[in-house]
Amino acid sequence: MNRKIWKLINLLVLAALALAACGAPATEAPAAEAPAQPAATEAPAQAVATEAPAQPAADVPLRWRTRPDNKEEIAVYTQISQDLDSSLEGITLAYEPGGTEGANYQDQLKTEVAAGTAPDVFWIPGTDVADFATRGLILNIAPLAAKTEGFDAQAFYSGPMYHLTYNPEGAKSGADSGALWGLPRDVSTFALYLNLDLINEAGAPDPRELAKEGKWDWNAFLDVAQKTRALGSDIYGYGASAWWGPYGVWLNASGGGFYNADRTACALNTAESLQGLEFQRALYQDYDVATPYGEDPEPPFRAGKVAMFQNGRWATPGVRTVPFNWDVVELPTGPNGTPGNWLFWGAYVINAKTAHPEEAWKLVQALTTAETQGKVAALGANIPSRVSQEALDAFLTFTPPANNQAFLSGITEAAKPTAEGPLWAGSWPEYDKIMGPAIQAVLTGGKTVEDFGATICDEANKVFTK
Amino acid sequence: MTEIPNQSNKNPARQNEFILRLLSLWRGLFSVLAASGAIAPWLGIFPNLRLWQGLLLTTTLGLASIFSAIAAAEIIKRRHKGRTISLFIDYLGLVACILIILQVGGVFIGIDALAEVFGRSILFLLAAFVGYLISAAGDYFESRSTTQKILRQVGKWIVLIGMVLFLLTANIFQGLLAIINKLANPMGITAIVSLIIFGLALWGMWREPTASALKAKTNHEQMLNGWLFLSPNLLGFLIFFAGPLLLSFYFSFTDSDAFNTPKWVGVENYAKILNITIKPLAAPDQLAREALDIQVYDEVGRIKFGNGGILFGAEDKLFWLALRNTLVYALFAVPLSVIPALLLSNILNSKLPGMKFFRAVYFIPSIAAIVGISLVWQWLYNATIGYINYFITIGVEFWNNLFNTGLIDPKINWVSDEKTALLAIIIIAAWQTMGFNTVLFLAGLQNIPGELYEAATVDGAGPWDKFWRITLPMLAPTTFYVVSTTTIQAMQVFEQVFILMNPPEGPNNSTITLVLYLYRSGFQNFKQGYASALAWVLFIVIFGLTLIQFQNQRKNSLYE
Amino acid sequence: MLTFFALVMIFPFIYMVATSLKIPADTFRYPPRILPRDPITIAVEGFKDPLPLYYVEIQGQKQEYALAKSNIKVGQYADPGNPTITAERRLTEVKPTGGAMNQKTATINGKEEKLFDVEVDGKTIPMYLASQTTVGEFIDPKNPSSKVYQNVRLSTPVENLSSHPENYTNVVALQGIDRALTNTALVTILVVLGQLATSIVGGYAFARLKFPGRDSVFIFYLGTIMIPFVMLIVPLYQLMVLIGWTDRLAALIVPWMFTAYGTFLMRQHFITFPKEIEEAALLDGASRLQILTKIIVPASVPALATQATFTFLYAWNSFLWPLVIINVGNEKNHVLTLALNVLRGRASDSPNLILAGAAIAILPPLVVFILGQRFFVESVASSGVKG
């Protein structure tokens, strides 16, 4: 008899689980019947629908995503999403931060687009636009943009817009190319975040002063790095993360680069590129002033153990919490006469499978208005992607850091920044996967610069479509 | 149940006859329905149907139709075969209907919603579990029946109250409403109606009078029971294991990329994976492009000797690097987690006090999540502030002071140096799997009869002799089991690398493993066809390794 | 020896728990320490905010002083004529020799150096700046006029033992670990129950019921045991896309409810069950299902527990499949391993938070293990015996 009761209870448990499984479909159901909902597929937007209690004239739910680089940035974009949610008519927004891990962010997105669960609007780095566009993962919004009054692609930096309007059919770019893949979220560039306490303690010259005097070159940089490194075995002069941005700078600054001028072949083996790489290798191996390549330099920098930390504007919200005196300075000038900086950008693009392209396009525009960009910039995360003196002037007031000019110096024409860009003639992800490990081998002492130069382009050139 | 039994309640034999006739009629009807269903996809009724879906539908329904027709004939002839086939078809139909109802009713997808409220309702579930424990505790008081009774009663009530609260907090009524709501469409209603029909047909065929009318025997009952018992497992296994496995095999011959329809490419994927070349080198440092066709091959590695050497090139360099890394990893991780475990188990097998405690402690690492473990080790391995380098520094200083030597602190960049990255992973693996293996060995040791040791003691064998002559040979089956499972696991290393390394391929691809490469091909580059081919190659490698171990084990046991 | 070894085995866990209770600055300290500590601050008259306390050494005695001001630039000045005469002065204390407009210089080692008037023992000597650093001003909290200058970075702060369990609530708020925990619990419970149910009935059919086709199916099952999961990841992913289960917890549960290995283990166990009891029950008119649930299952609790254990660990710790199938942005459906994967990027500057997250993922199975330790280990042991 006892057994029978147990059997009953077991059955109850199972039934309960099965029934409870439908607890929220109850709240989901009305939304599913909303006219906007596509009938055929379980649309990606459904997860959001649970949050919006049923209203007669249901808002179109849109999900959007950008990659935050730290928890401070998540707060910035959550705020933006809330602001836009109340200002955009007929659209309910849900912001979801993606993962922060380097390339993983894009890979996860691709998996989700394939599965049909990706957000309606998402941000991708400039390097990946070609890959997403040629795979058909993102929507060509040129037809929508043509119908939009007052939309002007010229308002944004031309570097990003060149790639965002590139049409692989006919290899044409520009306003009349018939292609528009998205709008740039912002632009950014590298600067060196300085731990002034360490630099002062080491008695090293102030890089900001040197920059003003025009003496901030590779030698001056090395001098400061060595002096601060001498403070102790756990104190480093320089720190940079292990991805293409930081190492690319040294190649650019000596007149080299990743590809040739029209981006159709590898140029990693030119004498200039190798010169830049050699200097960087020496920083890691010979002078031993840098945090070990491949280990994240941000924790030690925030812990006050790195004097100069190379990173983009996106690191500012996080650095604002450090307990020491800090500022930023532009990158040192290389043999080429320029700091070799990047013009980083990423774009908001629209999921090719979205059920609401019109609304998504509205959202993309709203996310890139001067006003929104001003808010993001004020919170510290980035530099507006619209070319306007007002925006730049406003940017300067978003302190700390006091020396915001360092970022702007990085993107002026005079500094000749290289625009981050996708490979339309090949696969950037594959190029990156060949270049990255090889450079890492050089910087960690596993390979000589000569060996690198002798073999790298043989491998890297294979990713270009003939 | 329904009106069928009531209709002719007075005469069981006639009633039975009637049901049998109904059943054969149903079989015929079903046969016709299924046949028309099988033809339907080719008449352009479902424009969205893809080719393979149409084929699948036609094959399934066509077979059902044919068998159903046979069954109808057999039932009319009163042969038991008709009953078997009928039961099979109706059962499968019933299961299909249930699945469709669950899917259409959103029960599977609704698990997400359950998770929503699970947080608050889990407490009540726990309460119910505690109630069960209290009730079960009653069994310990067999001698005192009143205590036992009270405990059981209390336990029962707690369970009941907990369950009710659990159901309430889990929004049971909302859930019910939601299901009904979702099923209120043609698809859902059809499924429910079919469910009832299949259910009735099953009941009609299963019942005793029908069985005896069709001359059922005990072995028939056993067969039906057997398939019935096996069915949940077998169906799930076919849908989620065997089916995908076949699909994987098919994909491996296509260029499937998850976005477009796959195209058949024959053995191209395999050819690319396995395309290698070995060339002599004129000089140890000769450039790869001079020795091999650089348009096709990349250098994987070279062996230098004298003033020449051998160059190893492959079309897919990363696969071969991954294979090398994985094999090296297994080559070190397996012995490092098996040999210490073997020694340890011999120590722990003694009857000294505290052994159970140590056994438990060694076992702990193997139950922790690898992702969590890897995060912990990531900070231990940190080159600047990590404990491992700190201990090395202390050790070096201690040694230098003690022996007045001038050893230099190596300051290893564990995860960012290509020489140590794989080693770092191996150490974690050894640490993590050793305890588990120790426990397996302990079990093996306890199965060795004590008389063997006693006899050896009489013969004057020392502990070392005993270990080599008795323990090792007697443990051979356990050793085989441990080594082969550890190897199979080691060949699939992924999590540690993915978490610990940034990027996961490690410095200069030194930690790219087969599974990592498979993940990358399939879900980053979306060459899913290629990834499937990689999966089959990985399987063949694992299979080969296990086979070798098996041969070894057989050979060794022959000698004993 | 065994104890030492045990310490090594358990050290990462100790480190994990201890670090998860620290403040971030403490986690970056070198040399590292196990126990969490906090720096102490003290309110000093004349200062608005409390000042951090440091140890300073005064006449060979260790005393606790408060840091009032940091980043005071001091120079090491040297006499160009006699480099052995040196003096340490604040940069603001010295005046350029000959006035700011017309500063005198001297050539040292071929390099022109500016000269400053430095007072040494009452005499003013023109000296050059040999090197420069910064110090902090430390004051006696009881007597703020008593001051000491020394390097701040190398000074030892006064600390006390303290723990920060709020790290756990912070990580829950940051990453929704609580939701991930309940998701993981739900997934694990359902997978364990499902696997047990299907493999009990399947194992029983294989062990006790004779029917045509049984042996070939069994051999088929056996053959698939060795097939690693990664073989299925691509087709299973596409199957999930087809039936709309991507980004759903169902994808983590339903496909895992069926196991060839578990069925095999069950079969191996049931086959040892004495046939006579079963036959007697059959004669009494019991159905197969009754025999299974009332006689065989209650007698097989240890074997069931073994399998439940394996399944529990596997389901709780699995990572690759959730990584592929669950959206990274949909934190509502994250399981613990996924949440940890995202957390490690978001909180890369706070090991205390990451390790608090790791602890949340690791401790529940650990607690289960410690509670049922004896049973647990033995059940694993029994699984290997027949191998």
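Given R₀ = 41 Å, what would the calculated FRET efficiency be for residue B:391 paired with residue C:243, taking r from the Cβ atoms and rounding to 0.05? Calculated transfer efficiency: 0.20. Here the label points at residue C:111 and residue C:64, each 7 Å from Cα along the C-beta direction, are separated by 4.4 nm in the simple model.
Counting Cβ atoms of other protein chains within 10 Å of each Cβ in B:177-189 and taking the mean gives 3.
Within the listed set C:315, C:25, C:281, the Gaussian network model of chain C (springs between alpha-carbon atoms below 10 Å) gives the highest mean-square fluctuation for C:281. The packing ranking of peptides C:147-154, C:184-191, highest mean first, is C:184-191, C:147-154, where packing means the average number of other beta carbon atoms within 10 angstrom of each residue. Entry note, the range C:216-348: relative contact order of 30 percent, from Cα contacts under 8 Å with a spacing of 6+ residues. Global size of the range A:261-309: 14.7, 43 Å for Rg and Dmax (C-alpha atoms, Rg to one decimal, Dmax whole). Legend: calculated FRET efficiency, residue C:290 to residue B:216, from the Cβ-Cβ distance at R0 = 30 Å, rounded to 0.05, equals 0.95. Ranked by the mean number of other Cβ atoms within 10 Å per residue, highest first, peptides C:9-17, A:391-399, C:251-259 order as C:251-259, C:9-17, A:391-399. When only Cα pairs below 8 angstrom with a gap of at least 6 residues are kept, chain A shows a relative contact order of 21 percent. Other residues with beta-carbon under 14 Å from the beta-carbon of residue A:361 carry, at +1 per Lys or Arg and -1 per Asp or Glu, a net charge of -2. Here the Karplus curve 6.51 cos²θ - 1.76 cosθ + 1.60, taken at θ = phi - 60°, turns the phi angles of the range A:287-296 into couplings of 7, 6, 9, 9, 5, x, 5, x, 9, 4 Hz, with x standing for Gly and Pro. At full extension, residue B:165 and residue B:29 could sit 44.2 nm farther apart than now, given 0.36 nm per residue minus the alpha carbon distance.
Computed over chain C, relative contact order equals 19 percent, with contacts defined as Cα pairs under 8 Å that lie 6+ residues apart. Across peptide B:127-134, the mean count of Cβ atoms from other chains lying within 10 Å of each residue's own Cβ comes to 1.
The amide H of residue C:131, built 1.01 Å from its N in the peptide plane, has C:76 as neighbours under 5 Å, considering only residues 5 or more places off or on other chains. If R0 equals 51 Å, the separation of the Cβ atoms of residue A:158 and residue B:541 corresponds to a calculated FRET efficiency of about 0.50. Distance between the modelled labels on residue C:100 and residue A:402, one decimal in nanometres: 1.7 nm (7 Å Cα→Cβ projection).
For the range C:168-385, the spherically averaged projection of the C-alpha convex hull amounts to 14.5 nm². For the range B:298-397, the spread of Cα coordinates along the three principal axes comes to 61, 34, 31 Å, biggest extent given first. Calculated mean residue ellipticity, 222 nm, chain A: -12500 deg cm²/dmol, from DSSP H runs (n ≥ 4) at -39500 (n - 2.57) each, averaged per residue and rounded to 500.
Compared with the alpha-carbon gap, the fully stretched path from residue B:96 to residue B:81 is longer by 3.1 nm at 0.36 nm per residue. Legend: P(r) of the range C:158-296 from all alpha carbon pair distances, 10 Å bins from 0, whole percents, reading 10, 25, 26, 18, 12, 7, 2, 1, 0. How fast does chain A diffuse by Stokes-Einstein, in µm²/s, taking the Kirkwood radius from C-alpha pairs at 20 °C and 1.002 mPa s? Once the numbers are plugged in, D ends up at 89 µm²/s.
Of the peptides B:240-248, B:410-418, C:137-145, the order by per-residue mean of other Cβ atoms within 10 Å, starting with the highest, comes out as B:410-418, B:240-248, C:137-145.
The Cβ shell under 13 Å around residue C:36 holds other residues with a net charge of 0, Lys and Arg each +1, Asp and Glu each -1.
For residue A:118, nonlocal amide neighbours, meaning residues 5 or more places apart or on other chains whose placed amide H falls under 5 Å from its own, are A:113. Between C and B, buried accessible area from a 1.4 angstrom probe totals roughly 9400 Å², ignoring ligands, DNA and RNA. With distances taken between every two different alpha-carbon atoms, the range B:95-182 has a Kirkwood hydrodynamic radius of 14.9 Å. Taking a ≥ b ≥ c as the square roots of the Cα gyration tensor eigenvalues, the range B:400-443 comes out oblate, since a/c reaches at least 1.5 and a/b does not exceed b/c. Model label points for residue B:59 and residue A:85, set 7 angstrom from Cα along the Cα-to-Cβ axis, are 4.8 nm apart.
Amide H contacts of residue B:300 (H built 1.01 Å from N, in plane; Pro and chain starts excluded): B:312, B:313, B:314 sit under 5 Å, all sequence-distant by 5 or more or on other chains. Each other residue within a Cβ distance under 9 Å of residue C:116 adds +1 if Lys or Arg and -1 if Asp or Glu, for a net charge of +2. Eigenvalues of the alpha-carbon gyration tensor of the protein assembly as shown, scaled by 5 and square-rooted, set the equivalent ellipsoid semi-axes at 62, 40, 33 angstrom, largest first. Label zone of residue A:321 (point 7 Å out along Cα→Cβ, amide N under 17 Å): in the range A:282-313 this covers A:297-305. For the range B:502-560, the ratio of Cα radius of gyration to the globular rule of thumb 2.2 N^0.38 Å stands at 1.60.
Convex hull volume per residue, computed on the Cα atoms of chain B, equals 315 Å³. Averaging 1/r over every pair of different alpha carbons in chain C and inverting the result gives a Kirkwood radius of 27.9 Å. Shielding of peptide B:354-360 by partners, expressed as the average count of other chain Cβ atoms within 10 Å per residue Cβ, is 4. Extension gain, residue B:283 to residue B:405: 0.36 nm times the residue separation minus the Cα-Cα distance gives 39.9 nm. For the range C:41-161, the gyration tensor built on C-alpha atoms gives a prolate shape. Its axis ratio a/c (a ≥ b ≥ c) is at least 1.5, and a/b is the larger of a/b and b/c. The phi torsions of the range B:372-381, fed into the Karplus equation with coefficients 6.51, -1.76 and 1.60 and a -60° offset, translate into couplings of x, 4, 5, 5, 5, 5, 4, 7, 5, 7 Hz, rounded to whole numbers, with Gly and Pro shown as x. Taking every protein chain into account, the accessible area of the protein assembly as shown amounts to 43 square angstrom per residue (probe 1.4 Å). According to the square roots a ≥ b ≥ c of the eigenvalues of the Cα gyration tensor, what is the shape class of the range B:318-559, taking rounded for a/c under 1.5, prolate for a/b larger than b/c otherwise, and oblate for the remainder? It comes out oblate by the Cα gyration axes. Using the alpha-carbon positions of the range B:276-315, Rg (one decimal) and Dmax (whole number) come out as 9.0, 28 Å.
The values are calculated or read from the model by the stated rules, or taken from the named source; none is laboratory data. None of the values given here were measured: they were computed from a predicted structure. Using ideal geometry, Cβ is built from the backbone for each residue, glycine included, and neighbour counts are taken over all protein chains shown. What goes into the accessible areas is simple: the full protein's heavy atoms, side chains included, and nothing from ligands, DNA or RNA. Shrake-Rupley method; radii C 1.70, N 1.55, O 1.52, S 1.80 Å.
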